[in-house]
Amino acid sequence: MFLLGVLVIATTLNDQDMLNTWIPQCSGILDEEAMEEVILQTLLFAGFPRTIEALKQLRTHFPVKRGTKHVSDHKQAGEATSQIIYGKYHSKLKQVMDALHPDLTRWMIEDGYGRILSRPGLTLQEREISVIASLISSGMINQYRAHLRGALLAGVSRVDIIWFTNTFQCIIAADLRADFNSVTQEMLKS
């Protein structure tokens, strides 16, 4: 999980030196599909430009591209995946998103959870822990709270979450670190 986190953070921060250093380090530990998937997934949190730049670095070290992957029914897959991640808060999440804009809800379910987070290549636990890394590195505390809960609901252990969040909080400012720590403690108590 550490290496997935490193790749996600490097992609989210657009740190080309970090990617160039760590992608070869991952070889033999992570398979190329996992590296590719975790970079592709970061599109949701870092956008197309950073994902493109990270994939360029991946192709420098691993020129072979994997074939495309499709989830047959994006809406159904997205509903199922987001239901696991949000549990009893799933309906409330959709109401909140609908209040912001109904298209946002549809895009979140179909594209975010259906097309991207439901893809084969990583487990839901690996995907959620990677989401946490991206949210920590980008300072998105509200979404971090939701996905920390989602990681637990997806089956990531409390021990793994503590280790992972403590490992990666060192990259953020001290004031944010305290906020993220507080949220982590709050979520792990419930």
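The values are calculated or read from the model by the stated rules, or taken from the named source; none is laboratory data. Owing to the predicted nature of the structure, the values given are computational and were not obtained by experimental measurement. Because the Cβ atoms are built from the backbone with ideal geometry, glycine has one as well, and the counts that use them run over all protein chains shown.
Can you tell me which of V38, V71 is surrounded by 19 or more Cβ atoms within 10 Å (Cβ to Cβ), under 15 Å from G121 (Cβ atoms) and modelled with pLDDT of 95 or more?
Details: V71 fails: modelled with pLDDT of 95 or more.
Matching residue, one of V38, V71: V38.
Within the range 68-89, the set of residues being among the polar types (S, T, N, Q), part of a helix (DSSP H, G or I) and more than 19 Å from the chain's Cα centre (by Cα) comprises just one member, Q76.
Reported count of residues in the range 158-185, each being exposed (fewer than 12 other Cβ atoms within 10 Å of the Cβ) and of a type in the set (D, E), is 1. Could you pull out the residue among A46, A80 that is small (G, A, S) and not assigned by TED's automatic domain parsing to the domain that holds L153? Criteria check complete, one pass: A80.
Return yes or no: is K65 modelled with pLDDT under 95 and either of a type in the set (K, R) or in a helix (DSSP H, G or I) (or both)? Yes, satisfied.
Selection of helices (runs of 4 or more DSSP H) fully inside the range 1-50 by the criterion of at least 2 residues being within 21 Å of T68 (Cβ to Cβ) returns 2-12, 32-41, 43-46. Within the range 141-155, is there a residue that is modelled with pLDDT under 95, assigned to a loop (DSSP other than H, G, I, E, B), under 17 Å from the mean Cα position of the chain (by Cα) and closer than 22 Å to R50 by Cβ? Checking the range 141-155: not a single residue is modelled with pLDDT under 95, assigned to a loop (DSSP other than H, G, I, E, B), under 17 Å from the mean Cα position of the chain (by Cα) and closer than 22 Å to R50 by Cβ.
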